[in-house]
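The values are calculated or read from the model by the stated rules, or taken from the named source; none is laboratory data. Nothing here was measured: the structure is a model prediction, and the numbers come from that model. Don't worry about glycine lacking a Cβ; one is built from the backbone with ideal geometry, like all the others, and counts go over all protein chains shown.
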Amino acid sequence: MTDESSIADISPPKTTLNDDKTSLCQQLMSRLQALNSLTATTAVSKKQIWLEFLSLWFDILQNSVSDVPSCYKECSRLPHNMINKTSFYQLKRETDVARQTFFTCLSLLNLSHIKDYLKSTNENGAVSTNQAYCTQVNFMLSLLSEALPYLPLLSTDEEKIIEKSTELFTLLIEYVDLCMPIKSKTTEQKDYKLDSPIMDILSVLWNLLDRTVFVPTFLKCDLPKKVVLWLAQARMLLVERRQPLIHIALNISWHDEGADELNKYRAIAVIKQYQKKYIEDDSRLIVFGMVLALLSTPEQLKNDAKDMKIVLDKLLQLVINADINKSSRYNGFHISEPLGVLVKMFVVEEQTLDYTLCRAETEPPSDMHSTISLFISLFFKFSNALKGDNGLEQFTLTAILNILWSISFHPIYGQELLSDEKLIDTIKTFTDDHNQQEIVEQYRRRSMESIKSATYGILHNLNRKITNDIASDEKIVTHDIRESNSMKGKSDKPMIMISYCHKNDSFCTELFNLLTTHNDAFDIWIDRTHSQGVDDLWELIAYGIERSSIV
């Protein structure tokens with residue numbers, strides 16, 4: 001047997017843990033001193049110093065403040081000093097720097113002791129419970145916001161890291177909510193100023209949601225409900241503090257499920273109320289108009305015809321202005337954004353196409369010929385998008401082909417397309433499967449079909465003699481349309497199919513609009529939204545009957 005004295009001999013000293021912490025702190029302090037001694041004289045040295053800073057910063061902050069208090073104290077100004085030393089605001093434009101900065105900050109914010117700090121802050125009504133953490137979290141949010149706009153195409157693994165951060169995003173959204181005028185119980189009725197960390201969070205939400213693939217992640221965080229509440233309070237904020245709110249709503253609206261959630265919380269009514277009283281300039285007017293267009297039903301668009309004409313004018317003007325610039329951007333918008341809204345408006349309301357082509361007010365003045373020529377020239381400009389991996393350019397090409405498809409439904413407008421043989425020949429190339437191999441996977445709204453589906457629809461509407469190769473792909477195209485619609489509408493909800501005689505079209509529209517107000521309970525299948533441009537309509541109707549719970 002072992003006696004008590006031998007047990008005492010092998011027991012670890014009580015000071016071992018503290019010694020380990022002291023040793024760790026000494027190592028980190030040595031690295032801090034070495035980092036501060038480095039000189040940044042060239043672009044290369046600045047980059048090396050910045051990346052070394054990120055590594056050291058993470059190694060320090062992955063420990064709680066109670067474990068390495070002196071390190072937290074020493075690095076209270078470290079991020080600020082490194083930003084100045086390395087000229088970070090220029091350096092961040094390098095994609096590898098932006099990527100490393102973004103994911104380092106995201107990893108830090110996801111640390112358990114940092115999230116515990118955020119929780120305690122929220123529980124205390126957005127009042128900081130620990131100044132050491134507060135300082136570092138503010139730097140994390142600022143750097144996250146600065147790096148995100150320069151983040152390139154993300155890998156699948158990187159997307160998963162963001163998608164798994166729902167707990168963190170929920171905490172940040174709650175923090176913003178607590179700092180809004182109503183929750184903060186301010187007595188100010190206007191010019192309420194949101195602090196920099198709040199604006200950084202809003203900037204992160206705005207820029208992340210610019211990638212539509214992340215909208216479902218933020219639906220889990222209840223963001224649509226929050227952003228509608230924030231918009232209802234926007235009149236109380238300083239003018240420059242309001243901008244992110246409507247842009248967040250716009251980015252959520254690009255996703256059908258996001259639009260459904262915003263409509264659940266009466267976003268249209270809130271936005272219209274703000275729009276009538278507080279629009280400051282034309283750039284804001286176009287954003288509000290785009291959101292309303294994406295959220296509205298066909299009937300709502302008809303009822304708002306006067307306001308929507310103004311929106312159509314500005315959308316077409318935005319396309320014209322963006323087309324002039326090499327970057328295809330104007331006033332903060334990429335050309336794909338107004339084009340994407342036009343796709344939806346042309347599909348759900350025919351008169352919007354007529355107005356845009358023939359009567360829109362732009363500078364320089366436009367008419368049917370010049371506007372159709374504009375869309376044709378844009379098609380050629382982006383026709384090589386599939387040869388690269390730029391998802392934004394590929395989305396732009398998809399939107400343009402959908403617009404040309406809408407144009408092709410009208411005999412008079414279609415003649416403008418038919419008269420351009422180069423256009424028709426180029427469109428035909430997109431029926432080739434080899435042209436579809438490099439498409440970057442991305443989300444498309446229900447109102448937008450794939451490149452191949454739109455291409456086939458154009459050729460079908462123009463009654464062009466289709467080659468054997470294209471004809472042999474007919475079933476593939478039909479399958480693609482069916483698959484895309486079923487995938488985009490795929491859910492566990494039952495589906496109702498509306499079968500109707502076209503002389504009852506008006507009644508059908510009323511019924512459809514009524515049922516769509518309950519789309520949280522069931523899905524709807526109707527030919528006008530599921531079979532545009534398809535040759536074998538009856539096959540697709542049969543498929544709709546098969547999927548439906550009731551007809």
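Annotations for the structure displayed:
- Check on Leu202, over 17 Å from the mean Cα position of the chain (by Cα) and crowded, with 20+ Cβ neighbours inside 10 Å: no
- Selection within the stretch 82-101 - β-branched (Val, Ile, Thr) and either assigned to a loop (DSSP other than H, G, I, E, B) or buried (at least 19 other Cβ atoms within 10 Å of the Cβ) (or both): Ile83, Thr86, Val97, Thr101
- The criterion of at least 1 residues that are under 21 Å from the mean Cα position of the chain (by Cα) and among the β-branched types (Val, Ile, Thr) is met by the following helices (runs of 4 or more DSSP H) wholly inside the stretch 238-356: 239-253, 267-278, 282-295, 305-324, 336-348.
- Restricted to the stretch 319-362, and to residues there that are of a type in the set (Asp, Glu) and touching a helix residue (DSSP H, G or I) at 6+ places or on another chain (Cβ under 6 Å), the residue that is nearest to Leu292 (Cα to Cα) is Glu349.
- Being surrounded by fewer than 18 Cβ atoms within 10 Å (Cβ to Cβ) and on the phi > 0 side of the Ramachandran plot is not true of Ser112.
- Only a single criterion out of (1) modelled with pLDDT of 60 or more; (2) surrounded by 18 or more Cβ atoms within 10 Å (Cβ to Cβ) is not satisfied by Asp480, namely (1).
- Qualifying positions in the stretch 166-191 - crowded, with 19+ Cβ neighbours inside 10 Å and not in a helix (DSSP H, G or I): Met180
- Any hit, the stretch 124-138, residues being at pLDDT 95 or above, among the hydroxyl-bearing types (Ser, Thr, Tyr) and under 21 Å from the mean Cα position of the chain (by Cα): no
- One residue from Leu205, Leu194, Leu231 being closer than 26 Å to Tyr117 by Cβ and in a helix (DSSP H, G or I): Leu205
- Long-range neighbours under 7 Å by Cβ, at least six apart or interchain, first residue of a type in the set (D, E, K, R) within the stretch 327-353, second modelled with pLDDT under 90 and assigned to a helix (DSSP H, G or I): Glu349/Pro298; Glu349/Leu301; Glu349/Lys302
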